[in-house]
Amino acid sequence: MQPLIWDSRPDGLRAPALVCAFTGWNDAGDAASAAVQFLGSSFGATRFARLDPEEFFDFQATRPKVHLVDGHTRRIEWPEIEVWAARVPRAPRDLVLLSGPEPSMRWRTFCRTVVDLAEVLDTQLVVTVGALLADVPHSRPVPMTGLSTDDALTERLGVPRTSYEGPTGIVGVLHAACQEAGLPSASLWASVPHYVAAAPNPKAALALVRQLERVVGVTVDASELESAAADYERQVSLAVQSDPDVQAFVERLEAAAEEEEPMLGPGDLPSGDVLAREFQRFLRQRGPEQE
């Protein structure tokens, strides 16, 4: 049995970008998986394929779940990695979204399968997204890092290049596999405050969505996510204020963030041409009926 199981074959995808996120180690605050799920929901994505969980999961580590159907029938839900197609009519490209739990084993086979999928769909770009715990305050803009295999794409990322060395997850391995296969690829990472590690972080998810817009060239109405991010920051601030020790710790993080934040000079600002292109892209995707 082939690891990739097709429900249907998506036809007519235009210069698609494959965006990948995995729950687990690579997904602090559920930010990366939430960002991809938000894109899928916003663009009405439809599932067209999945990967056989038998091939890639240790079911003692990533256990299936039991659900009751109609209060009587018990149904097993297996951990699955699903692939969705999102058509974005007024954008220069469509999206293919891949998400699910981080595989437990056979990572090289898994990555070869994803690379083969990308090549079958004539994918023009692969973007992996992740989130990590860090010494960052919740009250400041979400720090982003990234890297790319393409110089032009690196410039488009507009974030500091990651210098991380150490253990990696499937996101890092997949990015390397794309590089070896000659597929243009980028990896984006959001930093999540470690003192609220267990809570979903829509603020970091929003930061990833905004960065993905820039990299893949689509525009999405993120007002719902913006509202959730504002609520998150407000609720965390209230919780922090209730504990003097935690508040003092967060204030130290804020001071450190301000010291590290570089002062922008005229050369750091986007050019008029860049702003004009971004504005034109936004108007094209809104469509004449919304102007």
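Each value in this text was obtained by applying a stated rule to the coordinates, not by laboratory testing. Keep in mind that this is a model prediction, so the values were computed, not measured. For neighbour counting, all protein chains shown are included, and Cβ atoms are generated from backbone atoms with ideal geometry for every residue, glycine included.
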Enumerate the amide H contacts of Val126 below 5 Å, restricted to partners 5 or more residues apart or on another chain; note that Pro and chain-start residues carry no placed amide H. Leu18, Ser185, Ala186
Note down the magnitude of the dipole of the chain about its Cα centre, charges +1 on Lys and Arg C-beta and -1 on Asp and Glu C-beta and zero elsewhere, to the nearest 20 debye. 800
Taking 8 Å as the Cα distance limit and 6 or more residues as the minimum spacing, I'd like the relative contact order of the stretch 1-158 as a percentage. 33
Checked the stretch 99-163 with the C-alpha gyration tensor, a ≥ b ≥ c its square-rooted eigenvalues, rounded below a/c of 1.5, otherwise prolate if a/b is larger than b/c and oblate if not; verdict oblate
Can you pull the three principal axis extents for the Cα set of the stretch 1-126, in Å, largest first? 46, 35, 32
222 nm mean residue ellipticity, helices alone, for the chain (DSSP H n ≥ 4; -39,500 (n - 2.57); rounded to 500): -12500 deg cm²/dmol
With a cap of 14 neighbouring Cβ atoms within 10 Å, and only residues DSSP puts in a loop, list the GluC sites (Glu not before Pro) found in the stretch 105-174. Glu165
By what distance, in whole Å, do the Cα atoms of the stretch 21-73 stretch along each of the three principal axes, largest value first? 34, 28, 24
Quick one: work out Rg over Rh on the C-alpha atoms of the stretch 46-96, Rh as Kirkwood radius. 1.17
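Run through the DSSP bridge list for the chain and note the antiparallel percent, rounded to the nearest 5.
Among the beta bridges of the chain, antiparallel pairing accounts for roughly 50 percent.
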Square roots of 5 times each gyration tensor eigenvalue, C-alpha, the stretch 190-258, largest first, Å: 27, 14, 9
Semi-axes in Å, largest first, for the stretch 71-218 (Cα gyration tensor, √(5λ)) are 24, 23, 17
For Rg and Dmax of the Cα atoms in Å, calculated from these coordinates, the label among (i) 27.6, 114; (ii) 19.1, 57; (iii) 19.9, 66: (iii)
With a ≥ b ≥ c taken as the square roots of the eigenvalues of the C-alpha gyration tensor of the stretch 134-191, please select rounded if a/c is under 1.5 and otherwise prolate if a/b is larger than b/c or oblate if it is not? oblate
Inter-label distance for Thr162 and Asp221, nm, one decimal - labels placed 7 Å from Cα along Cα-to-Cβ: 3.3
Table column - 3J(HN,Hα) (Hz), the stretch 165-170, Karplus curve with 6.51, -1.76, 1.60, x for Gly and Pro: 10, x, x, 10, x, 5
Which ³J(HN,Hα) values, rounded to whole Hz and listed in residue order, are derived for the stretch 208-221 from phi using the Karplus coefficients 6.51, -1.76 and 1.60 in 6.51 cos²θ - 1.76 cosθ + 1.60 with θ = phi - 60°, glycine and proline given as x? 5, 4, 5, 5, 4, 3, 5, 6, 8, x, 10, 10, 10, 6
Tell me the relative contact order for the chain as a rounded percent, counting alpha carbon contacts under 8 Å between residues six or more apart. 22
What does the highest-first list of 222-232, 245-255 look like by mean Cβ count within 10 Å? 222-232, 245-255
For the chain, whose charge dipole is built from +1 on Lys and Arg Cβ atoms and -1 on Asp and Glu Cβ atoms, the candidate among Ser8, Thr145, Leu68 with its Cα farthest towards the positive end is Ser8
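When the dipole is taken about the Cα centre of the stretch 170-227, and only Lys, Arg (+1) and Asp, Glu (-1) are charged at their Cβ, what size is it in debye, to the nearest 20?
The calculated dipole for the stretch 170-227 is roughly 140 debye.
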